[in-house]
Amino acid sequence: MRCSKSLILRPLFMACVMGLAACAPSSLSEVASRAAQSPDLPPMKSFVAREAAPTSRSNAELVEDFLELSFQMESGRALPFLTRFKGPVRVSVIGGAPASLEFDLSQLLVRLRREAGIDISRAKPGEDAQIIIDAVPRKTLQRAVPQAACFVVPNVTGWREFRKNRHRGSTDWSKLAQRSRATIIIPSDVSPQEVRDCLHEEVAQALGPLNDLYRLPNSIFNDDNFHTVLTGFDMLILRAYYAPELRNGMSRAQARAALPALFARINPAGQKRANAVVSATPQAWNRTIAGALAPRVTPAKRAALAAEAVRIAQAQGWSDNRLAFSLFVQGRVTLGQKPQLAISSFVESGKLYKSLYGTSVQAAHVATQMAAFALSSGQYETAVKMTDEAIPAARGGENAALLATLLMIKAQAFEAMGRADEARVVRLDALGWGRYGFGSDENVRARLNEISALTPRQG
């Protein structure tokens, strides 16, 4: 299931950005009330599928990752057996699917065939489908499953059958002997990027692992939602899932015995890599992070939970993705209350992400917050430098919402420096990506105006 925070974080991001304006020096803290110009929007831009870079994890790490992803659910419940589809997998689309879905789904299926070696394609007319994608309005979806942005459920053929059978044992993943059919429920009225993000995560979970792990550095199977399309790690895990060495009904112990030779065969480079020792993640940390990001939680409670997540991460001695994410969450949720703590948290998080992964999509998210602060403080050259460093990672991660926001900040900085021609070119690029990342023209123009309002009033 893709958690609803993937939808919540986008509006929450702007609340964070607007909060950054309050961190500016007093002489610059008054922001312009004028709205940015709202030009006619250019055509929507979209990404072309490309093969992901291979994972750098050792095969010993991959064995542990596979087991934890495959024999446990996101809720923490253990899964007794490995289950997967037997034979070719065919996919059909029903409901009110948005126009953008067809292109993104076709690209995803091409990647799954090439990179994961799975026999998966669209079902022909009259052909039975193993995976059904049903699109319903977001409000309808979240009335039934409030915390979900989208989700996958076994043994049903669409939304109506899910509603009828949702409390029956047939929809319980832990009771499956093998997978024969699954339905993915996605929202029909969100941005193209949100639809695509749901396709990547839910098709991957329909095929393979049902768990998410915050400790994973480069995976869509991570509830931090920094990665929105399947990575090289994810494709390797799915390739292993459908390897002949594994079969339906395998226990965890049986899978553990088979996996070392399997990964040695499909990922020989991983045999030579050092094995990083990663400690288990306490449920207490998972609960505090989830609480800090949950809807309908007071700002004070969010801040307290985020602080507790940082404390747990530090007490565990972590210096990995979990500490960096704890600091990032603390930065986001304290902007309106403790701006100096927020900024210091972002700085620490950004340094850690860069030391771990270089100019990654994680670091780009942090840089977006810091570039917004630089813009609101009148540090226009710094804002341009920060966005220039982050834009390649946002583009490489195929995150149009993040990319559009960075480009809007850069364009606004150019505008404030009197570089109008450069601002116009960059803003036009931002608007094209914004249509994919934010959806409606109204949403795109709202984001543009919010960024514009960060610029200090001149004079």
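Quick test for you: out of LEU259, LEU207, pick the one residue that is surrounded by fewer than 24 Cβ atoms within 10 Å (Cβ to Cβ), in contact (Cβ under 8 Å) with a residue 40 or more places away in the chain and under 20 Å from VAL91 (Cβ atoms).
After applying the criteria, what remains is LEU207.
Any idea which of (1) without any contact (Cβ under 8 Å) to a residue 60 or more places away in the chain; (2) surrounded by fewer than 24 Cβ atoms within 10 Å (Cβ to Cβ); (3) hydroxyl-bearing (Ser, Thr, Tyr) is the one SER180 doesn't satisfy?
(1)
Let's see how each residue does on (1) hydrophobic (A, V, I, L, M, F, W, C); (2) assigned to a loop (DSSP other than H, G, I, E, B):
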| site | (1), (2) |
| --- | --- |
| ARG143 | no, no |
| CYS150 | yes, no |
| GLU202 | no, no |
| GLN205 | no, no |
| ASP212 | no, yes |
| LEU216 | yes, yes |
| THR228 | no, yes |
| MET235 | yes, no |
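Taking the stated definitions as given, is ILE133 assigned to a loop (DSSP other than H, G, I, E, B) and surrounded by 20 or more Cβ atoms within 10 Å (Cβ to Cβ)?
No.
Can you find even one residue in the stretch 91-108 that is within 19 Å of GLN178 (Cβ to Cβ) and in contact with a strand residue (DSSP E or B) (Cβ under 7 Å, 6 or more places away or on another chain)?
Yes; the residues of the stretch 91-108 include at least one that is within 19 Å of GLN178 (Cβ to Cβ) and in contact with a strand residue (DSSP E or B) (Cβ under 7 Å, 6 or more places away or on another chain).
What's the number of the only condition in (1) within 22 Å of the chain's Cα centre (by Cα); (2) more than 26 Å from THR228 (Cα to Cα); (3) not β-branched (Val, Ile, Thr) that ALA148 fails to meet?
With respect to (1) within 22 Å of the chain's Cα centre (by Cα); (2) more than 26 Å from THR228 (Cα to Cα); (3) not β-branched (Val, Ile, Thr), ALA148 is out only on (2).
For the stretch 163-182, how many residues meet the condition of being within 14 Å of ILE131 (Cβ to Cβ) and out of contact with any helix residue (DSSP H, G or I) (no Cβ under 6 Å at 6 or more places or on another chain)?
Adding up the residues that qualify gives 3.
Looking only at the stretch 433-448, count how many residues are in a helix (DSSP H, G or I) and either surrounded by 20 or more Cβ atoms within 10 Å (Cβ to Cβ) or outside the structural domain of ILE391 (by TED's automatic domain parsing) (or both).
So the answer is 9.
Please state which one of ALA411, ALA383 is over 25 Å from the mean Cα position of the chain (by Cα), in a helix (DSSP H, G or I) and touching a residue at least 12 places away in the same chain (Cβ under 8 Å).
ALA411
Inspect the stretch 99-106 for any residue being in contact with an Asp or Glu (Cβ under 8 Å, 6 or more places away or on another chain), within 23 Å of ARG50 (Cβ to Cβ) and charged (D, E, K, R) and give the result as yes or no.
no
When residues of the stretch 441-457 are filtered for being in contact (Cβ under 8 Å) with a residue 60 or more places away in the chain and either under 21 Å from CYS198 (Cα atoms) or of a type outside the set (A, V, I, L, M) (or both), how many remain?
Number of matching residues: 11.
Can you tell me which of (1) surrounded by fewer than 18 Cβ atoms within 10 Å (Cβ to Cβ); (2) in contact with a Gly (Cβ under 6 Å, 6 or more places away or on another chain) is the one SER319 doesn't meet?
Of the numbered conditions (1) surrounded by fewer than 18 Cβ atoms within 10 Å (Cβ to Cβ); (2) in contact with a Gly (Cβ under 6 Å, 6 or more places away or on another chain), the odd one out for SER319 is (2).
Which of (1) in contact with a helix residue (DSSP H, G or I) (Cβ under 7 Å, 6 or more places away or on another chain); (2) at pLDDT 95 or above does ALA315 not meet, given it meets every other one?
The failed condition is (1).
The values are calculated or read from the model by the stated rules, or taken from the named source; none is laboratory data. Just so it is clear, the model here is predicted, and its values are computed rather than measured. A quick note on method: Cβ atoms are made from the backbone with ideal geometry, for glycine too, and the neighbour counts reach across all protein chains shown.
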